[in-house]
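K.L.:
This is the structure I want to talk about, given as structure tokens.
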Amino acid sequence: MTIEEKLKTVPKVEKALSQIRPYLQQDGGDVEFVEMTDDGVVYVKLQGHCGSCPHAMMTLKQGIETALKEAIPEVTAVERVI
């Protein structure tokens, strides 16, 4: 992914996360965008209850990753940072 493509994609990722955020906040959690790599991997930080929840990986992969990949084809994966 070129720098130009990345500059166009990151705002899309942030917008998609803002649409997911209310669902996480209902359960006392949140998600923070950290970075996106040149190969389309999005790194996020799970916050609040999502940070310590035993279902965090399911939320990350089946919820956040699925939603981002559907909305933004350039996203290849979503990974968690601590």
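The values are calculated or read from the model by the stated rules, or taken from the named source; none is laboratory data. Please read all numbers here as calculations on a predicted model, not as lab measurements. Cβ atoms come from the backbone with ideal geometry, glycine included; neighbour counts cover every protein chain shown. To get the accessible areas, we keep the full protein, side chains included, count just its heavy atoms, and leave off ligands, DNA and RNA. Shrake-Rupley method; radii C 1.70, N 1.55, O 1.52, S 1.80 Å.
K.L.:
At 1.4 Å probe size, put I82, I20 in order of accessible surface, largest to smallest.
P.N.:
I82, I20
K.L.:
Separate question: Compare M1, M57, M36 by solvent-accessible area with a 1.4 Å probe and give them largest first, with all protein chains kept in place.
P.N.:
M57, M1, M36
K.L.:
Another question about this same structure. Label I3 and Y43 with points 7 Å out from Cα along Cα→Cβ: what is the distance between them in nm?
P.N.:
2.0
K.L.:
A further question follows. For the chain, find the longest principal axis of its Cα atoms and tell me its angle to the long axis of helix 3-26, 0 to 90°, nearest 10.
P.N.:
That works out to roughly 20 degrees.
K.L.:
Also: Each label point is 7 Å from the Cα along the Cα-to-Cβ direction; what then is the distance between the points at Q62 and F33, in nm?
P.N.:
2.6
K.L.:
At q = 0.27 Å⁻¹, what is the log10 ratio I(q)/I(0) for the chain, with the Debye formula run over Cα points and no solvent?
P.N.:
Treating every Cα as an identical point scatterer, log10 I(q)/I(0) equals -1.40.
K.L.:
Rounded to the nearest Å, what's the spacing between the alpha carbon centres of segment 27-45 and segment 54-82? Just the number, please.
P.N.:
Rounded to whole Å, the Cα centres lie 8 Å apart.
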